[in-house]
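The numbers here are math on the coordinates, done by the rules we state, and not lab data. The shown structure was predicted, so the numbers you read here are calculated from the model rather than taken from an experiment. Please note: Cβ atoms are built from the backbone with ideal geometry, for glycine as well, and neighbour counts cover all protein chains shown.
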Amino acid sequence: MKRARLTMPLSGDSATIKPSPPHPLPLLPPTPPQTAQVLLKKPRRAILKRPTALFSTAAPDSSTWAPLNLSQSELSLPLTFPTGQTFRWRQTGHLQYTGSVGPHLISLKHHDDDNGGVYYHVHRTPSHSDAESALLDFLNAEVSLADLWREFSASDPRFAELAQQLRGARVLRQDPLECLIQFLCSSNNNIGRITKMVNFLSSLGECLGTVGDFEFHEFPTLERLAGVTEQQLREAGFGYRAKYITGTVDALQSKPGGGSEWLASMRKLNLPVVIDALSTLPGVGPKVAACIALFSLDQHHAIPVDTHVWQIATRYLLPELAGTRLTRKLCGRVADAFVMKYGKYAGWAQTLLFIAELPPQKALVSLNSRSSEESESLKGKDKKAKKGEAVVALKS
């Protein structure tokens, strides 16, 4: 599949950066006396001060935006970023989203004057050429949605209907560590609370600046994450997930070559091996493992099965299982059904079907369906009226 190319704006090199006052309060909560006892048990952990914003980026003018060479049908920002794949990109304007890809702070937006085409602006980066390749990699730009949607639609009329109304729902290729930590926060949680937790951890990384009202950070390294104690995470509202995060960080640090290298190596392994390996980490079950595999490890046919996906499967793929209770064994059957239907990119198809069930998109699909039905009804009435006029004309 053809790789999209970017044209880097020369004026983007000179994005205005201005100093902002230091944060007046410490970002980590003060450590109570009992925390010292926890630190004695884990002496290698140290309290880290979170980096504060030393600068803000001015709003980019029109000359510093460049076309991404991905049409809206290849990338819809509202159908990609706020739909549960990542919790680190923020809406910073009308149809505009901002986030970090490694050390690069980037905004993306749909341009009204270009049929909704996607444009990008690099606020801060150590290298524009690296920012370009990192952004394309993050967006899975080598995968053509048009080709996939055509293939899926040919075998599934419902998918064909949804694909027309929800074009551009793309699966991201995130950094594996970043993706893993985010989905540890997602266990039995809602998007708002997950985002707060992820922001807390993200703020341990290097501050890249502020855009609008939001402060952005490079995702912290394992070493920085190791500086946070379970007690501090509990005080920050992580609940039982605190022990999963600290336990997973410990487990990753013990891997030969380092945890980040171990995670990245899974991109070359078969899916069952990947799921089994990820499931050895504290707090990682089959669904979380499948999310990490799909959204960061190139396992395009991974199917994260939860109650929502189970409902989709029993309505459209396995109706004979309607009314039964979801079990671990049935999770495997659901995943197999998706792969049988959609092939090696089944995870991309499942992602669109899942997004279509989210309240905002479900309302949009329903509205568009009613509009389409009303349009067809009007066309039918118009044809009957014209036919009646023709009969009258013949009689006269």
Between THR92 and residues 5 or more places away or on another chain, the pairs with built amide H atoms under 5 Å apart involve TYR97, THR98
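How compact is the range 248-345 by the rule of thumb for globular proteins, expressed as Cα Rg over 2.2 N^0.38 Å?
On the way: Rg = 14.9 Å, N = 98, 2.2 N^0.38 = 12.6 Å.
The range 248-345 yields a ratio of 1.18.
Would you please put 234-240, 245-251 in order of how densely packed they are, using the mean number of other Cβ atoms within 10 angstrom per residue and starting with the highest?
Details: 234-240: 15.3, 245-251: 19.9.
Listed from highest to lowest mean packing, they are 245-251, 234-240.
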Residue by residue through the range 331-343, the couplings from Karplus 6.51 cos²θ - 1.76 cosθ + 1.60 with θ = phi - 60°, in Hz, x for Gly and Pro, are 4, x, 5, 4, 4, 4, 5, 5, 5, 4, 7, 10, x
In nanometres, the difference between 0.36 nm per residue of separation and the alpha-carbon distance of GLU357 and GLN164 is 68.0 nm
The correct pair for the range 174-299, radius of gyration to one decimal and Dmax as a whole number, both in Å and from Cα atoms, is 14.2, 43
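Using only alpha carbons, build the gyration tensor for the range 299-362 and give me the equivalent ellipsoid semi-axes, biggest first, whole Å.
Numbers: eigenvalues 55, 49, 19 Å².
Semi-axes, largest first: 17, 16, 10 Å.
Can you sort HIS123, HIS128, HIS301 so the residue with the fewest Cβ neighbours within 10 Å comes first?
On the way: HIS123 27, HIS128 15, HIS301 20.
Fewest-to-most ranking of HIS123, HIS128, HIS301: HIS128, HIS301, HIS123.
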